[in-house]
Amino acid sequence: MPASLIPSLKTRNAFFFIDESGSKSSAGKYFVIGLAKTYRPGKLSWHLRNVKERYGVKGEMKFTKVKQDTLPAYKALISTAIGQNTLFGAFVL
């Protein structure tokens, strides 16, 4: 392989967590694609698992399930992700 095609050890590779919500065939008006970008996916996942354990969350955290009693867990999840230099984005169609 030519040396020009081998990435440098100094190259930063981003990892994207992507999810969608809604459907063009559903009654909803919008289709949304959300993403979280990180350069340290293993470290981010570890921290987010710790948040889930601390708040006793089982399974997937869905924002449609936010209630007054679960709100602190969702706030901690977002705060932790931001603290790990995670960037967020969304496309709304």
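The values are calculated or read from the model by the stated rules, or taken from the named source; none is laboratory data. These numbers come from a predicted model, not from an experiment. So basically every Cβ, Gly included, is an ideal-geometry build from the backbone, and we count neighbours across all protein chains shown. Quick note on the areas: whole protein, heavy atoms, side chains included, nothing else; ligands and nucleic acids left out. Shrake-Rupley method; radii C 1.70, N 1.55, O 1.52, S 1.80 Å.
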Cβ-defined net charge surrounding PHE88, 15 Å radius [Lys, Arg +1; Asp, Glu -1]: 0
What's the carbon and sulfur percent of the chain's accessible surface, probe 1.4 angstrom, rounded to a whole number? 60 percent
Just to be sure I understand the model, the point goes 7 Å from the Cα along the line to the Cβ. What's the resulting ARG40 to PHE16 distance in nm? 2.3 nm
Which whole-number value in Å² is the accessible area per residue of the chain, probe 1.4 Å? 81 Å²
Using the Cα atoms of the chain to build a convex hull, what is its mean projected area in square nanometres? 9.2 nm²
Lys and Arg at +1, Asp and Glu at -1: neighbours of PHE15 with Cβ under 15 Å from its Cβ sum to +3
Computed magnitude of the charge dipole of the chain (debye, nearest 20; Cβ of K, R +1, Cβ of D, E -1): 160 debye
